[in-house]
1. With θ taken as phi - 60° and the coefficients 6.51, -1.76 and 1.60, list the Karplus ³J(HN,Hα) couplings across the stretch 172-183 in order, rounded to whole Hz; mark glycine and proline as x.
2. Could you give the distance between the Cα centres of the stretch 1-78 and the stretch 159-192, to the whole Å?
3. In nm, to one decimal, how far is the T33 label point from the E227 one, both placed 7 Å along Cα→Cβ?
4. Select one label from (i) 55, 42, 39; (ii) 73, 64, 31; (iii) 87, 57, 26: the one whose number is Cα extents along the principal axes in Å as derived from the coordinates shown.
5. Along Cα→Cβ, 7 Å out, is where each label goes; now give me the distance between the ones at L2 and R131 in nm to one decimal.
6. Please give the FRET efficiency for R212 paired with C68, using the beta carbon to beta carbon distance and R0 = 35 Å, rounded to the nearest 0.05.
7. Go ahead and estimate [θ] at 222 nm for the chain from helices alone: -39,500 (n - 2.57) per DSSP H run with n ≥ 4, summed, over the residue count, rounded to 500.
8. Once fully extended, how much extra length lies between N171 and D24, figured as 0.36 nm per residue of separation less the alpha-carbon to alpha-carbon distance?
Amino acid sequence: MLYRNFETQAQLDAEYNPGELGIDIPAYMNCYTNNSTKCREELSCQLNIPFGPTLVEHLDIFPASQPCAPIMVFIHGGYWMMASSKEFSFVASSMMSAGITTVVINYALCPKVTIDEIVRQTRAAIAWVYRNAENFGGNPNRIYVSGHSAGGHLTAMSMITDWESDYGLPNNIIKGGCTISGLFDLMPFPYTWLQPKIQLTWGEVLRNSPIRHIPETAGSLIVTYGEEESSEFHRQSQDFLNAWKSKGLQGEYLAQSGKNHFTAIDGFLDTNSPLCKAILAQVGIACTCV
């Protein structure tokens, strides 16, 4: 066996490669891009703010109209090897209308950098948000994180961070997280079509599998995915949620019927969607939209 009950790469690829499910990935990416372009044109935003020393370490801020607003940090997906913050500006539309400042972070991609480095950049971005929140009208004591696919993995990695030891910050800077179609055990990926791109070592697999590093204390967690996704995407999320709750941490599952891997995040376009309602409840904002 390569991983669990999988004997061949083809079997693993069928579970972990959405393209093998007949999904038109370019069409969804075009939809993300078009909605995001519209969002940047219509909403107040501060783009390409550097948070680290390299050119790719930047973030986009979509400030809420009121001061001291809660902050949603969004981490994009793309299997750690594709996409950027600019395709995911659209997540800000519903958050801003609900009074939440949105920060969409960018990071370097494999194989130019390792997943170790992507995790480091993600954590550095969140530390920057905490330290600079008041400068863009955000509340550093109300930071939440969400992410899709590889961004769901990075969301989980941010929530297990020892902020005090590693960054000199309070360990509770992340009040809650929402993982959308996330990946929490990296053990299968060295056996998949992804390996030539992400070039995982076994040390990286162990360090960066959040299911192996559940903390003793952490913020609340929402785990969600499209019910039309593969069985392994279902299992990974459910296993992570179970491990999270087994430590006595607060966690909940949000079902998304009729959604696939790429439509599991389109709820960000509608404040009344189940996804947005769950996030707003986590933040402590009642949805009053009709």
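1. 9, 5, 9, 7, x, x, 10, 9, 10, 6, x, 10
2. The two parts, judged by their Cα centres, are 16 Å apart.
3. 3.3
4. For Cα extents along the principal axes in Å, the calculated option is (i).
5. According to this spin-label approximation, the distance is 4.2 nm.
6. The calculated FRET efficiency here is 0.45.
7. -10500 deg cm²/dmol
8. 48.8 nm
Laboratory data are not the source of any read-out in this text; all were calculated from the coordinates shown. Just so it is clear, the structure is predicted and the values come from calculations on it, not from any experiment. All Cβ positions, glycine included, derive from the backbone under ideal geometry; neighbour counts span all protein chains shown.
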